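Worksheet: the structure to be examined is printed underneath.
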Amino acid sequence: MKKTLYSWLVVFGCLLSVSCQQEDIDAYDEVKDYIYIDIPYMLDNFGRETNTRVDSIAYSFALDELSVEDTVINVVVKKIGVPAPEDCPYTLELVDEKTTATSDLWNPEILKNRSIKSGKIADTVAIRIKRALILRDQWMQISLRLRPNEYFETGYANLQEVKVSFSDILSRPSWWGTWQSVFGEFSREKYQKWIEIYYLGADPKLASDKTPYYWNNMPSYPNESWYPITYSYIRMLREYFEKNEVYPDGDSSKPRIKIPFAN
Amino acid sequence: MKMNKIPYGFFVICLLLGACAEDKGNYDYTSVNEVTIDSIFSTYSCEAGSRLYIKPDIKSLDETTADLSYSWSIKDTEVSTDKILDIMLPPLDYGQQLAALTITDNVTKMQYRRTFWLEIVNPFNWGYYFLTRKEGGATEMAYIQAVPGDGPALKDVKYATGCGDYEFGNEPSQLVGSFGSLLGSYYWTITILTRDGNYPAIITNNATFIANSLITEESFSDLSAGYHFSPERNITTIRKEQYFVSEGKFLKYIMDSGTGLGKLYRPASHDKEYYWSNPCFAGNGLAFCWVYDELTRRFYVIEPYKTSNPALGIYADANAFDKVVEIADNLEIKGELIYTSVANYTTKLNAYSIDADGIHAYSFDKSSDGYSFLDEIVLSFDNLNGKPAFAVGNGIAANHWYINRGNVIYYSPIEAPQLNIWKELPSDLGLGTIEFIGFSARGSRMVVVLYDENSPEERKGSVIFINVEDKKITHTFPHILHHCVDYGKFNAYDGTFPFTNNMGDEK
């Protein structure tokens, strides 16, 4: 009985000792502001913002016109607090081990001498990305991280680092096989032009499920009597490749791209 | 063992007693007072909101003891409990609606039912359509309803300045009808062209008179090209393909036959400048079109290239009539071109122009050697005051064309033309001079529009119907039109052609 009583006393004593332990809590630094990367929120099926941020800021050239040579991806850096009366430099560094994009695809110099301008609470880092051939085969990534400096502490832990991903990959759609007799062999140039010509909203005819026909929702069968409007766009596609000499990947040693669909 | 024997004996006695029971059933049968319903057609065509009168022929085996109640219903909603249906139609969707008469024998509680269809049509349905131009250029559609029996009267004239929410534009240019399957039945698809407005081409039909399709500059397949759409003519081929002439350019309307919706293809592209008008397709379905060039005053043939030759800038495209074919022995058309036509199932073009020398009747045709000019016949026809009305007859008036000088109507055979007076309108009509001539659907009625510039009436144009056989004026509709630009005979005076729903006014 005595033994049990001692045991309880030991436990009670331990609890008392723990409760007296002092925790070191970081004091809110009233001199420095906090800074974070405003990573965009994911969108739902209706295009509305959700409460979840995206994993990375991604861009694909695949649906752009062939004439598009580059694009700009914006990374927005924000401070928590009120605008300052003077420019406040911040440090945005490249995370080398997580970056695959080489400097011929973008200009890393843009990361230097960044600041949140006086009277502002945000700065936009406009990263211009070049549409290079290598992007047709793989995704490239730039990883950026904020570092504390004399003006800023880092704020939200999950908003200190951002991945910027980009590619130009355009894969053969599943419907291509059914329409191969009309379109011929798949090539990204053909597909890209078709996406441009037969855009969503081009064809007033609806499929049986009331969805509009367009490049990503092709009629089930290649039949001009059933789908005369689709075919009118195919004629436009054919005429484009008749009037313009286009080669796969711009390689003129390969056969010129043509649409085999006969009149 | 003894105990078991007692119940068996009891059952046997019960069965024996049952066998002695007397059947007191009633076997004096009387026949049910059977009801038959007749004199209800399978389909009634009714204008929305109009009066519907149906007097059924109802017979029962014993009329003296019949105790019947009636229930007329449309789409499961009871609309009358009278024996004779005489109602103003409730709001209903256009098209076919199922209706029924249900008769209940209140003695036997048996029910007898006859179903039928109501074809709900809009107030603009079967009859005579006039596309008119007001002073200042606004468009008004005037319509004389086809009324069987004595025919339409002044009260049967109606007007529209648009289809549903879509106003007609200004400067009306053409009214085109094409008959065919629509909304589960047969109707006219009607295309109304105006040259200046938000909706240059409104496609509707005589079942709903609601815009089914709007063709605008937004309808071009290639929006980036900045094409303009101001249609002057619409033409439908025997294959039901639609083409337009817009600002002298020739272009195809790619239409989905199921929905009637479509896209405008790029205008035909040529190596020289032309301004096309008066397109006439071959009546036998061949893919070429006679066209008149306003710049050179000559006819040409246009057709799609069949093979591409990029070196020459030639691209085969069945949707684009890029190829211009010169006609052998081609000649300049004299005077003002007033009419062109190609007879059904032929390739021969007949064209008519008028100048101080008279009427020039030209003919062209296609042969195995190509396209060629055939002949020109000049008919002396002087003292014309302005552009005459001109019409080619159809039905019983076929193979002739008609033209006016003042209020005298002349006619001529299409082959071997020669002018003869067909009718001189009475001088006491007091409705002005002839502005437009047309015919009813089967050609048995001439429809003449007169215009009185000096009339104090708001609408200075009048319509008269003339019986083609005895040339008597049968109907007069004074001061119902503005200037008549075009006319459509959508079952006007044609009631018995089997595919036209018996909806005309000739019974």
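The values are calculated or read from the model by the stated rules, or taken from the named source; none is laboratory data. None of the values given here were measured: they were computed from a predicted structure. Reconstructed Cβ throughout: ideal geometry from the backbone, glycine too, with neighbour counts over all protein chains shown.
Tabulated results
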| item | result |
| --- | --- |
| Residue within region B:141-157 that is modelled with pLDDT under 90, out of contact with any helix residue (DSSP H, G or I) (no Cβ under 9 Å at 6 or more places or on another chain) and in a strand (DSSP E or B) present | no |
| Criterion: in a loop (DSSP other than H, G, I, E, B), among the aromatic types (Phe, Trp, Tyr) and either within 13 Å of chain A (Cβ to nearest Cβ) or in contact (Cβ under 8 Å) with a residue 40 or more places away in the chain (or both) - qualifying residue of B:TYR243, B:TYR227, B:TYR253 | B:TYR227 |
| Identity of the residue in region A:135-184, among the small types (Gly, Ala, Ser) and surrounded by fewer than 14 Cβ atoms within 10 Å (Cβ to Cβ), that ends up farthest from the chain's Cα centre (by Cα) | A:SER181 |
| Meets criteria (more than 29 Å from B:TYR292 (Cα to Cα), within 10 Å of another protein chain (Cβ to nearest Cβ) and among the β-branched types (Val, Ile, Thr)) for B:THR259 | yes |
| Number of the condition not met by B:GLU119 [criteria: (1) touching an Asp or Glu at 6+ places or on another chain (Cβ under 8 Å); (2) under 30 Å from B:GLY488 (Cα atoms)] | (1) |
| Matching residues in region A:211-249 - criterion: being more than 19 Å from A:ARG172 (Cβ to Cβ) and away from chain B (no Cβ under 12 Å) | A:THR211, A:ASN223 |
| Test: residue in region A:180-198 that is at positive phi and either more than 10 Å from chain B (Cβ to nearest Cβ) or of a type outside the set (D, E, K, R) (or both) | yes |
| Residue match in region B:264-287 (condition: loosely packed, with under 15 Cβ neighbours inside 10 Å, within 14 Å of chain A (Cβ to nearest Cβ) and under 23 Å from the mean Cα position of the chain (by Cα)) | no |
| Residue ID - farthest from A:ILE229 (Cα to Cα), chosen from residues in region B:311-334 that are over 36 Å from the mean Cα position of the chain (by Cα), surrounded by 11 or more Cβ atoms within 10 Å (Cβ to Cβ) and within 12 Å of another protein chain (Cβ to nearest Cβ) | B:GLY313 |
| Extreme residue, surrounded by the fewest Cβ atoms within 10 Å (Cβ to Cβ), among residues of region A:37-69 that are under 28 Å from A:ILE80 (Cβ atoms) and among the aromatic types (Phe, Trp, Tyr) | A:TYR41 |
| Any hit, region B:61-72, residues being in a strand (DSSP E or B), modelled with pLDDT under 95 and under 26 Å from the mean Cα position of the chain (by Cα) | no |
| Checklist (1) within 32 Å of the chain's Cα centre (by Cα); (2) modelled with pLDDT of 95 or more; (3) away from chain A (no Cβ under 14 Å) applied to B:VAL342, failing item | (2) |
| Members of region B:282-300 that are in a loop (DSSP other than H, G, I, E, B) and closer than 16 Å to B:LEU331 by Cβ | B:GLU294, B:LEU295, B:THR296, B:ARG297 |
| Candidate set: region B:201-221, residues that are assigned to a helix (DSSP H, G or I) and either more than 14 Å from every other protein chain (Cβ to nearest Cβ) or among the charged types (D, E, K, R) (or both); chosen: the one surrounded by the fewest Cβ atoms within 10 Å (Cβ to Cβ) | B:GLU218 |
